[in-house]
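To start, the structure under review is shown below, and the notes come after it.
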C-alpha cells in the first residue's frame, strides 16, 4: 500500500502526467474552511449573535479556456450547537496575473442543511444559499495548486426547535478558506 501511495504522489507531482478527455483541466481538492454565521433567535430566548465554525470542503472543478471555472463543493462545518452541510455550484472568471498566479471572481448557488442539537432538543432545516466569491490561485506545477478566497453567502435558513417556541434563523454563511488542489 505504501508503494502505491508513493507512486501516486510522484505521478501527481510529475509535470508530464496528464489524463485525457473529461479529466483534462479537472481539479479535485480539499479545503479548510473558517465560516462565520449571523444568527437571529425569536421566541423564548430571543436575540441576535454571531458564531464561528470550521470544517472541510471537497471540490471538483472544471476549467475552460483558462478563463472560466465551474465548481462543485461539498462542505461540512461544525459549531458548538449545530452543524452546516452545504452543496454549492459556482462559476468563476479567472484573471491571470502571471503563468503561476490568477485571481478570480464569481457567483454561486446551492443548498445548506443546518442540523441543530444540544442537551435539550435537536432539529434541522434545509435552505437555499447563494452568493459571490473572490480569491487567488497559485499554480505550483501542472498538477498542484494552492487557492485562498472569501465567499459572501447570504441566506435565510430557519429552524423551528422541537419542544420550544424558539425559531433559529441563520442569515449569513460567509467564509474564508484555503485549498490544496490536484489537477489532472
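Below are the figures for this structure:
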{"read-out": "Near pairs, Cβ below 9 angstrom, 6+ apart or cross-chain, from the range 63-76 (on the phi > 0 side of the Ramachandran plot and touching a residue at least 12 places away in the same chain (Cβ under 8 Å)) to any residue that is part of a strand (DSSP E or B) and surrounded by 15 or more Cβ atoms within 10 Å (Cβ to Cβ)", "value": "66/94; 66/102"}
{"read-out": "Options 87, 58; residue that is under 20 Å from residue 143 (Cβ atoms), within 9 Å of the chain's Cα centre (by Cα) and without any contact (Cβ under 8 Å) to a residue 60 or more places away in the chain", "value": "58"}
{"read-out": "Qualifying residue in the range 112-133 (condition: in a strand (DSSP E or B) and closer than 18 Å to residue 32 by Cβ)", "value": "yes"}
{"read-out": "Members of the range 134-145 found to be in contact with a strand residue (DSSP E or B) (Cβ under 7 Å, 6 or more places away or on another chain) and at pLDDT 85 or above, listed by number", "value": "134, 135, 136, 137, 138, 139, 140, 144, 145"}
{"read-out": "Some residue of the range 83-106 being touching a helix residue (DSSP H, G or I) at 6+ places or on another chain (Cβ under 7 Å) and closer than 19 Å to residue 28 by Cα", "value": "no"}
{"read-out": "One residue from 111, 127, 131 being on the phi > 0 side of the Ramachandran plot, surrounded by 13 or more Cβ atoms within 10 Å (Cβ to Cβ), modelled with pLDDT of 85 or more and out of contact with any helix residue (DSSP H, G or I) (no Cβ under 7 Å at 6 or more places or on another chain)", "value": "131"}
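For every residue, the table says whether it meets (1) in a strand (DSSP E or B); (2) modelled with pLDDT of 85 or more; (3) surrounded by fewer than 18 Cβ atoms within 10 Å (Cβ to Cβ).
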{"position": "147", "(1), (2), (3)": "yes, yes, no"}
{"position": "162", "(1), (2), (3)": "no, no, yes"}
{"position": "165", "(1), (2), (3)": "no, no, yes"}
{"position": "169", "(1), (2), (3)": "yes, no, no"}
{"position": "180", "(1), (2), (3)": "yes, yes, yes"}
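The values are calculated or read from the model by the stated rules, or taken from the named source; none is laboratory data. The structure presented is a predicted model; accordingly, all values stated were derived computationally and were not measured. So basically every Cβ, Gly included, is an ideal-geometry build from the backbone, and we count neighbours across all protein chains shown.
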